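Working notes for the structure below.
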């Protein structure tokens, strides 16, 4: 694996190896076992969008692996407008050993990988959030011992998080269902990419959220209005209101079902306090797993 841009570019075997490595690194951290795979390495974090979990978990991951990170706000570096992606990638590759990008357009990630000479990691783009998906899969594996054969219901729109998790579930043999209001399904681009990059049928989509959760092992939700969609907020709240993950909806699911949310949560909108803080929630284990999943990615990229 040369870069980590999306789950489409990671084989099922690589996904399994990443999950195995993440579990090992997590256990090693708790046992105080040092790791030094990034000793002497510098990783740049270039973020066009604000972040808490992605920035802190990557900076901590690099430090725990013995490396050094530096943070560059996207508005200062001017990706694609102050200078070309190609010039930026070629220059940065002379200074640092790897680059984490959190950007508006997935095209930026692809161009950096095309022209750069160091590993590129996608910390989020409009099309994909592979680091989040890997942490999600790790959390599912911890909860049930395996991802294969589990039923994952994503209650929300067909966004970048859903795209990546659906792909990861498909590659590892889990059933993925998107439960959303009409008009918020996976877009045509994702359907084409999924068909082109896997031999699997496109994940199931339903507008009936109650029926969807009845046999769910995992119920996952996300904010109804993401960054850049603020003008749609009122309409989205109206359309998604029947899809709130609350006690009534959770009661329709099996008692063993786990609740996930990639955070930050808009409590009282897509999820209620009693659910996110309740006994079936694995949300904060999931948040912690961003750290361990990203350490596994860094380890694989720098020991290949």
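Would you mind listing the strands (runs of 3 or more DSSP E) fully within segment 1-120 where at least 3 residues are over 18 Å from residue 292 (Cα atoms), in contact with a strand residue (DSSP E or B) (Cβ under 7 Å, 6 or more places away or on another chain) and modelled with pLDDT under 95?
Once the strands (runs of 3 or more DSSP E) in segment 1-120 are filtered for at least 3 residues that are over 18 Å from residue 292 (Cα atoms), in contact with a strand residue (DSSP E or B) (Cβ under 7 Å, 6 or more places away or on another chain) and modelled with pLDDT under 95, nothing remains.
Please give the number of the condition residue 55 fails out of (1) crowded, with 17+ Cβ neighbours inside 10 Å; (2) in contact with a helix residue (DSSP H, G or I) (Cβ under 8 Å, 6 or more places away or on another chain).
(2)
Considering segment 214-266 alone, what residues qualify as being in a helix (DSSP H, G or I) and under 25 Å from residue 279 (Cα atoms)?
Listed by number, the residues that qualify are 240, 241, 242, 243, 247, 248, 249, 250.
Yes or no, residue by residue, for (1) at pLDDT 95 or above; (2) surrounded by fewer than 19 Cβ atoms within 10 Å (Cβ to Cβ):
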position: 222; (1), (2): yes, no
position: 234; (1), (2): no, yes
position: 249; (1), (2): yes, no
position: 254; (1), (2): yes, yes
position: 262; (1), (2): yes, no
position: 295; (1), (2): yes, no
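Does residue 177 meet the test of being touching a helix residue (DSSP H, G or I) at 6+ places or on another chain (Cβ under 9 Å), outside the structural domain of residue 18 (by TED's automatic domain parsing) and under 19 Å from residue 223 (Cα atoms)?
Working: touching a helix residue (DSSP H, G or I) at 6+ places or on another chain (Cβ under 9 Å): yes; outside the structural domain of residue 18 (by TED's automatic domain parsing): yes; under 19 Å from residue 223 (Cα atoms): yes.
Here the answer is yes, as residue 177 does meet what is asked.
Could you run through segment 120-155 and say how many residues are in contact (Cβ under 8 Å) with a residue 60 or more places away in the chain, more than 19 Å from residue 222 (Cβ to Cβ) and surrounded by fewer than 22 Cβ atoms within 10 Å (Cβ to Cβ)?
3
Quick check on this structure: which one of 252, 295 is farther than 30 Å from residue 45 by Cα and touching a helix residue (DSSP H, G or I) at 6+ places or on another chain (Cβ under 6 Å)?
252
Which of the residues spanning segment 199-213 are without any contact (Cβ under 8 Å) to a residue 60 or more places away in the chain and either closer than 16 Å to residue 242 by Cβ or not in a loop (DSSP other than H, G, I, E, B) (or both)?
If the condition is that a residue be without any contact (Cβ under 8 Å) to a residue 60 or more places away in the chain and either closer than 16 Å to residue 242 by Cβ or not in a loop (DSSP other than H, G, I, E, B) (or both), then 204, 205, 206, 207, 208, 209, 210, 211, 212 are the ones that fit.
For segment 56-95, name all the residues that are closer than 18 Å to residue 134 by Cβ and free of Cβ contacts under 8 Å to residues at least 60 places away in the same chain.
Within segment 56-95, 56, 59 meet the criteria.
The values are calculated or read from the model by the stated rules, or taken from the named source; none is laboratory data. Only a predicted model underlies this, so the values are computations on that prediction, with no experimental measurement involved. Glycine gets a Cβ as well: all are built from the backbone with ideal geometry, and neighbour counts include every protein chain shown.
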